[in-house]
Amino acid sequence: MHDIVIDGHKVAPGQELQINALIARLPTRTPINIPVFVSRSTKPGPTLLVMAGVHGDETNGIEIMRRVIMNHYHRPTKGSVIAIPVFNVYGFINQSRGLPDGKDLNRSFPGSKNGSLASRVAHFMTSEILPQVDFGIDFHTGGASHNNFPQVRGVFNTVKEMDLAKAFGAPFIIESPFRDKSLRKTAAKAGKSILVFEGGETLRLRKQVIDMGVNGLLRVMKYLGMREKAPAIEKESVFLKTSTWVRAKHAGLHHADVRNGSKVEKNQIIGLITDPYGQFEKSIKSPINGYVIGINNYPVVNMGDALLHIGSE
């Protein structure tokens, strides 16, 4: 077993270390560090990356990672774990998705050591972390007002990646193509499988989502032989090959008539759009058979706004 080296710090088998990697400084010269927690067993095994906060306002993922570290779940019986609770420290401080340069960190990979701030943060992950891991779980949260039902996303072009997703045990497994300049695509080019867990909405903690994220990680670690026990899967995951957003055909007030995670049928009425004056109501129908995997909780909508996300088998 070789040493893991991050930001010049070596972590040997059997060691545990918090590395505060210096990424940049604020205009006040205050240093911005990314805390990286490395925990290694003396027994050989895979190296698993677990991380959150690529988008700084996605707090459910950050809380999942906090609980993992607080309860020492990141300490494996075999192999190694690299845990990063808040990757986008700038966004977390500002309760924002991106960085001060206006860039989306998850559209800035593989990055450059001499590029924009987002590019430099991405470069740290690409050059310092990804080469040392075998698998990864990236914890995300839905967008502002968009409440995602707990789900695991991936490309699943290998049996191993699908097995990892099934082991996680989220209610839904969703086929999700790579996006250019994303962490997942960059990792895949390097031969690394990264699963994305999505749940809840930004700046709102949801216990159901957090519990599912923690338990899913424990199950993946057990599947990889990195721990002995994990919570049982309550219900087998539903695999969804495609998904589509139902968009508003009218402006007005949106009233969803289905619960997140529920099954819907084609042409079923799943909500209403009304005007604020009591003069019209327009039904919203599901375009396909499937499951509701995300709901826009904003009541005031414009034409074309995404209302409900529906996945199909």
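The values are calculated or read from the model by the stated rules, or taken from the named source; none is laboratory data. Keep in mind that this is a model prediction, so the values were computed, not measured. No Cβ is skipped: glycine too gets one built from the backbone with ideal geometry, and neighbour counts run over all protein chains shown. Just the protein is used for accessible areas: all its heavy atoms, side chains included, with ligands, DNA and RNA removed. Shrake-Rupley method; radii C 1.70, N 1.55, O 1.52, S 1.80 Å.
I want to confirm something. Restricting to the stretch 93-112 and keeping residues that are assigned to a loop (DSSP other than H, G, I, E, B) and closer than 18 Å to E201 by Cα, which single residue is most open to solvent (accessible area, probe 1.4 Å)? Please lay out each step first, then the result.
Of the residues in the stretch 93-112, the ones assigned to a loop (DSSP other than H, G, I, E, B) are 95-104, 108-112.
Filter once more, so that each one left must be closer than 18 Å to E201 by Cα: 95-98, 104.
Numbers: Q95: 121, S96: 38, R97: 99, G98: 17, D104: 39 Å².
The residue in question is Q95.
Within the stretch 247-276, track down each residue that is in a strand (DSSP E or B) and either surrounded by 19 or more Cβ atoms within 10 Å (Cβ to Cβ) or of a type in the set (A, V, I, L, M, F, W, C) (or both). Before the answer, list the steps.
From the stretch 247-276, those in a strand (DSSP E or B) are 247, 252-256, 263-264, 269-274; that's our starting set.
Answer for the stretch 247-276, where residues must be in a strand (DSSP E or B) and either surrounded by 19 or more Cβ atoms within 10 Å (Cβ to Cβ) or of a type in the set (A, V, I, L, M, F, W, C) (or both): G252, L253, H254, A256, V264, I269, I270, G271, L272, I273.
Mind checking which strands (runs of 3 or more DSSP E) fall wholly inside the stretch 1-92 and carry at least 2 residues that are open to solvent by less than 70 Å² (accessible area, probe 1.4 Å) and modelled with pLDDT of 95 or more? Step through it out loud before you land on a result.
Working: elements: 4-6, 9-11, 16-25, 31-40, 47-52, 80-84.
Hits in the stretch 1-92: 4-6, 16-25, 31-40, 47-52, 80-84.
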When the stretch 146-155 is checked residue by residue, the ones that are within 18 Å of T186 (Cβ to Cβ) and of a type in the set (A, V, I, L, M, F, W, C) are V155
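Looking only at the stretch 131-158, how many residues end up being closer than 29 Å to G45 by Cβ and either open to solvent by less than 20 Å² (accessible area, probe 1.4 Å) or under 13 Å from the mean Cα position of the chain (by Cα) (or both)? Break it down into steps so the answer makes sense when it comes.
Step one: list which residues in the stretch 131-158 are closer than 29 Å to G45 by Cβ, which gives 131-140, 150-158.
Next cut, either open to solvent by less than 20 Å² (accessible area, probe 1.4 Å) or under 13 Å from the mean Cα position of the chain (by Cα) (or both) only: 133, 136-140, 150-154.
Adding up the residues that qualify gives 11.
Name the residue that is farthest from G199 (Cα to Cα), counting only residues in the stretch 126-150 that are assigned to a strand (DSSP E or B) and touching a Leu at 6+ places or on another chain (Cβ under 8 Å).
Within the stretch 126-150, the subset assigned to a strand (DSSP E or B) is 135-142, 146-150.
The next check asks that each one be touching a Leu at 6+ places or on another chain (Cβ under 8 Å); those that pass are 135-138.
Numbers: F135: 20, G136: 17, I137: 13, D138: 12 Å.
Per the stated criteria, the residue is F135.
Given the structure, is G115 within 14 Å of I23 (Cβ to Cβ), open to solvent by less than 20 Å² (accessible area, probe 1.4 Å) and either assigned to a strand (DSSP E or B) or not aromatic (F, W, Y) (or both)?
Numbers: within 14 Å of I23 (Cβ to Cβ): yes; open to solvent by less than 20 Å² (accessible area, probe 1.4 Å): no; either assigned to a strand (DSSP E or B) or not aromatic (F, W, Y) (or both): yes.
No; evaluated as a whole, the condition is false for this residue.
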